[in-house]
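Novice: Below: one structure in structure tokens.
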Amino acid sequence: MAKLSASILAVDDEDVNLELLKRVLPRQGYYVDTASDGAAAITMLQTLPFDLILLDIMMPIVDGIQVLKFVKEQDLDTEVIILTAVQDVKTAVECMDLGAFYYITKPYHVSDLLGLIERALERKRLVTHNKALKSELARRVLSANIKSQNKTFLEVLDMATRAAPTDSAVLIQGAIGTGKEMVADFLYNNSLRKEQPFLALNCSSMPEELLESELFGQEKGDSTVETGVKQGLLEIANGGTLFLDEIGEMPLAVQPKLLRFLETREYLRTDGKKKLKSDVRLISATNRDLRQEVLEKRFREDLLLHISVVTLDLPLLRNRRDDIPLLVEHFLTEHAGTKEPKHLDEAAIGVLMKYDWPGNIRELENIIERAVVLSRGTIIHAADLAVPLAMSPSS
């Protein structure tokens, strides 16, 4: 995937100023669109995501201040540089208080403007990164510490390594606790989009209406200036990766809308009328048998074909017992904090090796964390492990 060029919206009621920007900015690799008044600019902002707005203040009907207020009230990930011939300190202060990145007066040197644009876009990248980071911190990320000597899992990891640098849709299948989020993170960190946003959405954790709004965004109201716009994850993740966890739980009413996006890369916000575009790489995960879900009319077959260009099937932990010692050492280190990691004695390892692990890796981590917290001394014994008695080797 080629490096994405920043998109800039230039807003000015004087054609000569717009023509200058349309001539200069594309030479720097920027995509430039224009609007000749504030109302047209707001309409475009409801339709397309822009990284930066170059905004004139003095315009008829809807002026630049109103456009700036709209951008900030709707929490759009868009930086604003004010360009105006009005040298008024009060106006400059008002614009900065409203959230403009900077205020520059006409006439200006093109080199000064280009420097400001570069700085504004860097701040925009930081804001986007912080949003993505907030989403990532909500997940448990272990991809940097993937360790395995199990043949089956290593084959899955090899397939993931080959799929990672492509834009192909990947479906990760596996029981609860087998590490689907970890593999999704591995795909992202080894992709060509790793410097772009990575956002996750759990399809089982919210009702249909909220899921649709989170995914596609939402519009409210009819007034051009007062229309409410909520950005969806497709918009925020533009250029990056979207991870749909538990996609098998996605309501049937939402599935055709996702399918339409995957086919056309276009979508509508909830209650919206104008098409938007987004370039995202889709990774999905499920603990369901989606083929069976298709047969039982709970999942669309055409959507399954689109999300499963590459399918990764994760083995159960009881089918990769040779990885248990490696995982134990990892969890012991992770939960030691600033202290020296504890160790398991031979009997404790024996208990873990014989257990059937219905909760898979997640259950193993929970048991190790509890033992680290509650055991006395530096050695963890079999009695320190909260393995259910009904499943223990002594039962």
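Novice: Can you go through 178, 161, 152, 166 and tell me which one is part of a loop (DSSP other than H, G, I, E, B), of a type in the set (Val, Ile, Thr), open to solvent by 20 Å² or more (accessible area, probe 1.4 Å) and at pLDDT 90 or above?
Specialist: 166
Novice: Same structure, new question: Mind listing just one residue for me: the one in segment 100-121 that is surrounded by 11 or more Cβ atoms within 10 Å (Cβ to Cβ) and part of a loop (DSSP other than H, G, I, E, B) and, of those, modelled with the lowest pLDDT?
Specialist: Among them, the one singled out is 106.
Novice: On to the next question. Could you check how many residues of segment 354-369 are of a type in the set (Gly, Ala, Ser) and in contact with a Phe, Trp or Tyr (Cβ under 7 Å, 6 or more places away or on another chain)? Give the derivation first.
Specialist: Filtering segment 354-369 for residues of a type in the set (Gly, Ala, Ser) gives 359.
Subsequent filtering for residues that are in contact with a Phe, Trp or Tyr (Cβ under 7 Å, 6 or more places away or on another chain) retains none.
So the answer is 0.
Residue by residue, here is whether (1) within 10 Å of residue 12 (Cα to Cα); (2) among the polar types (S, T, N, Q) holds:
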{"site": "27", "(1), (2)": "no, no"}
{"site": "32", "(1), (2)": "no, no"}
{"site": "36", "(1), (2)": "yes, yes"}
{"site": "44", "(1), (2)": "no, no"}
{"site": "54", "(1), (2)": "yes, no"}
{"site": "58", "(1), (2)": "yes, no"}
{"site": "64", "(1), (2)": "yes, no"}
{"site": "82", "(1), (2)": "no, no"}
{"site": "85", "(1), (2)": "no, no"}
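Novice: Just to be sure before I move on: is residue 14 out of contact with any strand residue (DSSP E or B) (no Cβ under 7 Å at 6 or more places or on another chain), within 17 Å of residue 101 (Cβ to Cβ) and surrounded by fewer than 17 Cβ atoms within 10 Å (Cβ to Cβ) in the structure I sent?
Specialist: On the way: out of contact with any strand residue (DSSP E or B) (no Cβ under 7 Å at 6 or more places or on another chain): yes; within 17 Å of residue 101 (Cβ to Cβ): no; surrounded by fewer than 17 Cβ atoms within 10 Å (Cβ to Cβ): yes.
When the stated conditions are applied, residue 14 does not pass them.
Novice: Here are some residues: 298, 288, 318. Which one is open to solvent by 60 Å² or more (accessible area, probe 1.4 Å), within 21 Å of residue 361 (Cα to Cα), assigned to a loop (DSSP other than H, G, I, E, B) and not hydrophobic (A, V, I, L, M, F, W, C)?
Specialist: Details: 298 fails: within 21 Å of residue 361 (Cα to Cα); 318 fails: assigned to a loop (DSSP other than H, G, I, E, B).
That would be 288, the only listed residue that is open to solvent by 60 Å² or more (accessible area, probe 1.4 Å), within 21 Å of residue 361 (Cα to Cα), assigned to a loop (DSSP other than H, G, I, E, B) and not hydrophobic (A, V, I, L, M, F, W, C).
Novice: Can you tell which of 202, 189, 238 is open to solvent by 10 Å² or more (accessible area, probe 1.4 Å), at pLDDT below 90 and not aliphatic (A, V, I, L, M)?
Specialist: Selected residue: 189, the only one of 202, 189, 238 that is open to solvent by 10 Å² or more (accessible area, probe 1.4 Å), at pLDDT below 90 and not aliphatic (A, V, I, L, M).
Novice: Which condition breaks for residue 388 when tested against (1) in contact (Cβ under 8 Å) with a residue 24 or more places away in the chain; (2) out of contact with any helix residue (DSSP H, G or I) (no Cβ under 9 Å at 6 or more places or on another chain)?
Specialist: The failed condition is (1).
Conditions tested, residue by residue: (1) under 25 Å from residue 234 (Cβ atoms); (2) in a helix (DSSP H, G or I); (3) open to solvent by less than 10 Å² (accessible area, probe 1.4 Å).
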residue: 48; (1), (2), (3): yes, no, no
residue: 61; (1), (2), (3): no, no, no
residue: 76; (1), (2), (3): yes, no, no
residue: 90; (1), (2), (3): no, yes, no
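Novice: Return only the number of the condition from (1) of a type in the set (Val, Ile, Thr); (2) at pLDDT below 95; (3) surrounded by 14 or more Cβ atoms within 10 Å (Cβ to Cβ); (4) more than 23 Å from the chain's Cα centre (by Cα) that residue 270 does not satisfy.
Specialist: Condition not satisfied by residue 270: (4).
The values are calculated or read from the model by the stated rules, or taken from the named source; none is laboratory data. The shown structure was predicted, so the numbers you read here are calculated from the model rather than taken from an experiment. Backbone-built Cβ (ideal geometry, glycine too); neighbour counts: all protein chains shown. These area figures cover heavy atoms from the full protein model, side chains too; ligands, DNA and RNA do not enter into them. Shrake-Rupley method; radii C 1.70, N 1.55, O 1.52, S 1.80 Å.
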